[in-house]
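Visitor: Sharing a structure, written as structure tokens. Questions coming.
The values are calculated or read from the model by the stated rules, or taken from the named source; none is laboratory data. These numbers come from a predicted model, not from an experiment. For neighbour counting, all protein chains shown are included, and Cβ atoms are generated from backbone atoms with ideal geometry for every residue, glycine included.
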């Protein structure tokens with residue numbers, strides 16, 4: 001067949017390219033296999049599924065920020081464009097067996113890349129209703145909409161640091177999250193135009 005090569009052809013091509021083919025390649029030729037460029041190969045997903053990851057909603061947060069703060073007259077920074085930071089001034093959260101408030105004092109420090117994607121980098125604290133403080137570092141991407149005037153799509157990977165005990169399950173899981181600034185009635189916390197909320201839903205990968 002035209003797409004097959006014999007041992008002599010492989011050796012000749014190897015000599016022209018300045019290398020000798022690997023033994024595995026020669027063995028494939030000897031067995032009558034076609035030598036196909038790697039880029040043209042299609043992976044095979046045959047075989048039974050095993051331990052398939054699945055998302056499970058475990059936590060919902062409403063995080064309240066104040067008006068954004070600008071870093072200076074020039075947004076250029078050593079790591080692309082830093083147009084503003086978002087101080088975190090409060091919020092609430094709840095999940096299965098856990099609830100509490102967002103501690104004021106953290107912030108989101110986004111960076112906008114040349115391709116228009118914004119890297120989210122938020123660091124703040126949660127305090128449960130029984131007095132336990134948990135650190136959350138929420139990183140991810142805000143991907144611009146393809147439609148003019150459309151909202152960005154957020155995909156985040158929050159990481160938690162909890163003390164040993166009741167909530168240390170947060171240390172032992174992988175989480176993903178989404179985010180929206182459209183807050184349903186009954187969940188809004190912002191009191192006026194100087195404050196704004198973010199609704200974040202966190203999913204454990206089971």
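Visitor: Keeping to the range 113-129, report how many residues are surrounded by fewer than 18 Cβ atoms within 10 Å (Cβ to Cβ) and touching a strand residue (DSSP E or B) at 6+ places or on another chain (Cβ under 8 Å).
Guide: Residues that pass the stated criteria total 10.
Visitor: Let me ask something else about it. Would you check which residues across the range 126-155 are assigned to a loop (DSSP other than H, G, I, E, B) and at pLDDT 95 or above and list them?
Guide: 129, 130, 131, 132
Visitor: Please go through the range 109-123 and give me each residue that is over 19 Å from residue 133 (Cβ atoms) and assigned to a strand (DSSP E or B), ordered by number.
Guide: Answer for the range 109-123, where residues must be over 19 Å from residue 133 (Cβ atoms) and assigned to a strand (DSSP E or B): 111, 112, 118, 119, 120, 121.
Visitor: For the range 34-56, check the following and say yes or no: at least one residue is modelled with pLDDT of 55 or more and in a strand (DSSP E or B).
Guide: Yes: the range 34-56 contains one or more residues that are modelled with pLDDT of 55 or more and in a strand (DSSP E or B).
Visitor: Under the condition of being without any contact (Cβ under 8 Å) to a residue 60 or more places away in the chain and touching a strand residue (DSSP E or B) at 6+ places or on another chain (Cβ under 7 Å), which residue from the range 174-185 is nearest to residue 54 (Cα to Cα)? Before the answer, list the steps.
Guide: Let us first name the residues in the range 174-185 that are without any contact (Cβ under 8 Å) to a residue 60 or more places away in the chain, namely 174, 177-182, 184-185.
Next, only the ones that are touching a strand residue (DSSP E or B) at 6+ places or on another chain (Cβ under 7 Å) stay: 174, 177-181.
On the way: 174: 11, 177: 13, 178: 15, 179: 19, 180: 22, 181: 25 Å.
Ranking the candidates gives 174 first.
Visitor: Only one of (1) exposed (fewer than 12 other Cβ atoms within 10 Å of the Cβ); (2) outside any loop (DSSP other than H, G, I, E, B) is not met by residue 158, so which one is it?
Guide: The one condition residue 158 does not meet is (1).
Visitor: Could you check residue 151 against (1) surrounded by 15 or more Cβ atoms within 10 Å (Cβ to Cβ); (2) more than 18 Å from residue 57 (Cα to Cα) and say which number it fails?
Guide: Every listed condition holds for residue 151 apart from (1).
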